[in-house]
Amino acid sequence: MYNIPLYDLNFGSAEEDAVLETLRSRWVSSGPKTAEFEKNFSEMFEVKYALAVANCTVALHLALIVNDLVKDDEIIVPSLTFVATVNAVRYIGAKPVFCDVVSCENPTIDLDEAEKLITSKTKAIIVMHYGGYACDMQKALELQRKYGVKIIEDACHGPLSEYKGSKLGSIGAAGCFSFFANKNISTGEGGMLITNDEKIYQRAKLLRSHGMTTLSYDRAQGHSTNYDVVALGFNYRLDDIRSSIGIVQLKKLRCDIDKRIAIRGLYNDALRNIPGIIIPFLNYSEYSSTYIYPIILGKSLAGKRDALRVFLGEKGIQTSVHYPAVHRFSIYQDAKKGKLDKTEYISDNLITLPMYSSISEETVKFISQTICDFINA
């Protein structure tokens, strides 16, 4: 066990009470709590439609389908992401085209590089807002207008993060969020698809539940006595137990993020002058969910990442890596074309430090001093 975990759940009695209320209601599958969660989410994220789903992976899958992406289409993706971003492309039989990131200081997808990868077969770009920090969405929308490509936002790291005043996930054709255990909003498992396009929403809603024209809750309330199946859909629903937790988590979100931003400031002050440490997004000024706190070892320290992680672990500090480059996984070896030098360097030299709203200033100082001790040694 680590004395200082990588993340900590922001759960309390309110989540327990919400689950108990739902259990006592006797309706635990997708129903009124899920509808309430969707309504609250759409209002907070300033979009017309929000659709609760089983996880972010299926949100991405649905987003591709409802944007008419099909087999053999080329979809530009970052390699510095969780594998689910790319798996969703393969689910529909499309071809992922890997794109490098901007830099160590800005490890989001390089959309200038993405433009060079566009061919007549390119139909979409999935941007992943790494760590809750926005990609260059102005450039993304320019590519959309210029080439007719769809922009899908993997915003799993960025609830309430903003780009020039707009919420991440609300800018492209569809935005996808994760409620996995370590995310800013956690329901254990779960996700959300958001959009301002009614056709996208209605189609995704249909496909979420087997292509059925009515849901079980609708029929239980007497709104319908039967249903038709009009499309080949999926079982991608989110249940009311998790939705009840999500409702509570939404209420805590802004306060939680503000605390994270303050912690990020403490880390920045403690680490910015340590030789050989690169801090991504150091001067980022827009509102960010601050989902993770990554550091990258510079050239003089390259190759020492694993040794530093072991050293931190021996001091009781849990760390992680966000992420191993997807194009290096065995399943995607055949998809790599061209160089991804910056992605590979970052993947080899990045460490994710503990980040959660309840971490103390003393703990941040201890972690930072431990890193300094390793480098000085």
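The values are calculated or read from the model by the stated rules, or taken from the named source; none is laboratory data. In this text the structure is predicted, and so the values were computed from the model without any measurement. Heads up, the Cβs are rebuilt from the backbone with ideal geometry, glycines too, and the neighbour counts pull from every protein chain shown.
Within the bounds of the range 320-338, is there any residue that is farther than 30 Å from Lys116 by Cα and either surrounded by 15 or more Cβ atoms within 10 Å (Cβ to Cβ) or aromatic (Phe, Trp, Tyr) (or both)?
yes
Can you pull out the residues in the range 351-373 that are outside any helix (DSSP H, G or I) and either in contact with a Ser or Thr (Cβ under 6 Å, 6 or more places away or on another chain) or in contact (Cβ under 8 Å) with a residue 60 or more places away in the chain (or both)?
If the condition is that a residue be outside any helix (DSSP H, G or I) and either in contact with a Ser or Thr (Cβ under 6 Å, 6 or more places away or on another chain) or in contact (Cβ under 8 Å) with a residue 60 or more places away in the chain (or both), then Ile351, Thr352, Leu353, Pro354, Met355, Tyr356, Ser357, Ser358, Ile359 are the ones that fit.
Does any residue of the range 102-111 turn out to be among the polar types (S, T, N, Q), within 20 Å of Lys339 (Cα to Cα), outside any strand (DSSP E or B) and under 18 Å from the mean Cα position of the chain (by Cα)?
Yes, there is a match, as at least one residue in the range 102-111 is among the polar types (S, T, N, Q), within 20 Å of Lys339 (Cα to Cα), outside any strand (DSSP E or B) and under 18 Å from the mean Cα position of the chain (by Cα).
Ser300: surrounded by fewer than 18 Cβ atoms within 10 Å (Cβ to Cβ), of a type in the set (S, T, N, Q), closer than 21 Å to Ser357 by Cβ and free of Cβ contacts under 8 Å to residues at least 60 places away in the same chain, yes or no?
No, not satisfied.
Mind listing just one residue for me: the one in the range 303-313 that is of a type outside the set (D, E, K, R) and over 15 Å from Ala377 (Cα atoms) and, of those, modelled with the highest pLDDT?
In this case the residue turns out to be Gly313.
Counting only residues that are among the small types (Gly, Ala, Ser), modelled with pLDDT under 95 and more than 25 Å from the chain's Cα centre (by Cα), how many does the range 332-377 have?
Adding up the residues that qualify gives 2.
I need a count of the residues in the range 264-278 that are within 27 Å of Gly165 (Cβ to Cβ), in contact (Cβ under 8 Å) with a residue 24 or more places away in the chain and more than 20 Å from the chain's Cα centre (by Cα).
Of the residues in the range 264-278, 2 are within 27 Å of Gly165 (Cβ to Cβ), in contact (Cβ under 8 Å) with a residue 24 or more places away in the chain and more than 20 Å from the chain's Cα centre (by Cα).
Identify the single condition in (1) within 24 Å of Ile75 (Cα to Cα); (2) at pLDDT below 95 that Thr213 does not satisfy, given that it satisfies every other one.
(1)
Val83 - would you say it is within 16 Å of the chain's Cα centre (by Cα), surrounded by fewer than 23 Cβ atoms within 10 Å (Cβ to Cβ), β-branched (Val, Ile, Thr) and not assigned by TED's automatic domain parsing to the domain that holds Ala335?
Considered against the rule, which asks whether it is within 16 Å of the chain's Cα centre (by Cα), surrounded by fewer than 23 Cβ atoms within 10 Å (Cβ to Cβ), β-branched (Val, Ile, Thr) and not assigned by TED's automatic domain parsing to the domain that holds Ala335, Val83 comes out as yes.
Looking at the range 109-128, I want the residues that are more than 14 Å from Ala94 (Cβ to Cβ) and have a partner that is crowded, with 24+ Cβ neighbours inside 10 Å and at pLDDT below 95 with Cβ atoms under 8 Å, at least 6 apart or on another chain. Which pairs are those?
Between residues of the range 109-128 that are more than 14 Å from Ala94 (Cβ to Cβ) and residues that are crowded, with 24+ Cβ neighbours inside 10 Å and at pLDDT below 95, there is no close pair.
Tell me whether the range 265-272 contains one or more residues that are more than 20 Å from Asp8 (Cα to Cα) and touching a strand residue (DSSP E or B) at 6+ places or on another chain (Cβ under 7 Å).
Within the range 265-272, one or more residues are more than 20 Å from Asp8 (Cα to Cα) and touching a strand residue (DSSP E or B) at 6+ places or on another chain (Cβ under 7 Å).
As an exercise: evaluate His61 against (1) under 29 Å from Ser244 (Cβ atoms); (2) out of contact with any helix residue (DSSP H, G or I) (no Cβ under 7 Å at 6 or more places or on another chain) and give the number of the one condition it does not meet.
(2)
Are any residues in the range 1-60 closer than 20 Å to His210 by Cβ and β-branched (Val, Ile, Thr), and if so, which ones?
Once the filter is applied, which keeps residues that are closer than 20 Å to His210 by Cβ and β-branched (Val, Ile, Thr), the range 1-60 yields Val28, Thr34, Val53, Thr57, Val58.
Just give me the residues in the range 319-337 being assigned to a loop (DSSP other than H, G, I, E, B) and touching a helix residue (DSSP H, G or I) at 6+ places or on another chain (Cβ under 8 Å), in sequence order.
Scanning the range 319-337 gives Thr319, Val321, His322, Tyr323, Pro324, Ala325, Lys336.
Here is a list of conditions, (1) within 21 Å of the chain's Cα centre (by Cα); (2) part of a loop (DSSP other than H, G, I, E, B), and Phe37 meets all of them except one; can you say which number that is?
Failing condition for Phe37: (2).
For the condition surrounded by fewer than 19 Cβ atoms within 10 Å (Cβ to Cβ), among the acidic types (Asp, Glu) and in contact with a Phe, Trp or Tyr (Cβ under 8 Å, 6 or more places away or on another chain), what is the one hit in Asp8, Asp17?
Answer to the check: Asp8.
Mind counting the residues in the range 40-60 that are touching a residue at least 40 places away in the same chain (Cβ under 8 Å) and either farther than 24 Å from Phe82 by Cα or part of a helix (DSSP H, G or I) (or both)?
13
Out of the range 187-214, which residues are touching a residue at least 24 places away in the same chain (Cβ under 8 Å), of a type outside the set (Phe, Trp, Tyr) and touching a Ser or Thr at 6+ places or on another chain (Cβ under 6 Å)?
Scanning the range 187-214 gives a single hit, Gly191.
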